[in-house]
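First up is the structure itself, then whatever we jot down about it.
Quick note: the coordinates plus some simple rules give every number you see, no bench work behind them. Nothing here was measured: the structure is a model prediction, and the numbers come from that model. No Cβ is skipped: glycine too gets one built from the backbone with ideal geometry, and neighbour counts run over all protein chains shown.
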Amino acid sequence: MSEPGESSPGPAAASLRRLCIAGRLCIAGRLCIAGVAATLFGCQALQPRAATTQPAMPAESNAELMLYIGEQPYTTAEAAYRAVYILWKGEPFAGDFAALTAALEAGGIVGPSWRLDPGDHVNRAVVGYMVCRACDIRSGLNWQLTGLGRYAWRELEGKGICRGGGEFGLVSGGELLGIVARAADYVQQRRGHPGAKLGPPP
């Protein structure tokens, strides 16, 4: 399986980073509002509501996708695939999950033996593998020799793209947004276009 070339993020990287940050700020604002409501109206304001149908994942808008991902407690395969595709190509993928998977497999971004369903939760090793491939990160002897996701995650740790945690733990939506934003910055800096420094993860 061939490594993806330098066709990963281009001019859209800065826009992607801004969208990731906007998504995280929007979520923080909502949490703050919820806290005020609890203070003013008591705990009853935060009573769980009846289950509602999960909204469809936005497929054609970067901003809507980033907001959607940021609201998820854990990242699903489809959400991670779509976010990494944007990191790789600089634009969203409008097709369904099967077509998205085929495109990522053809580019060497996901492993052909993964066979993940859209709603499966992904761990840090999976995310590390995809981000390293999308950003064409080839450093690290263990990563080069084995191609295993746990070593890819450690490569991202060493480059400051991810912020620790066991490589087999699940990835929250907010964590994925931070990884994607820092990965886009890393690619810009490697190409001689310095990106803005991000603060600590949410």
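Things worth noting here:
- With neighbour counts taken as other beta-carbon atoms within 10 Å, the residues Thr146, Thr101 rank, fewest first, as Thr146, Thr101.
- Ordered by the number of other Cβ atoms lying within 10 Å of each residue's own Cβ, fewest first, Trp114, Trp88, Trp153 fall into the sequence Trp114, Trp88, Trp153.
- Reducing the range 98-174 and the range 56-79 to their Cα centroids gives an inter-centroid distance of 18 Å.
- Taking amide H positions as modeled 1.01 Å from N, with prolines and chain starts lacking one, the residues under 5 Å from Asp120 and 5 or more places away or on another chain are Ala77, Glu78.
- Summed side-chain charge close to Ile161 - residues other than Ile161 whose Cβ falls under 9 Å, Lys, Arg +1, Asp, Glu -1: 0
- Per-residue Cβ neighbour counts within 10 Å put Arg124, Arg191 in the sequence Arg191, Arg124, beginning with the fewest.
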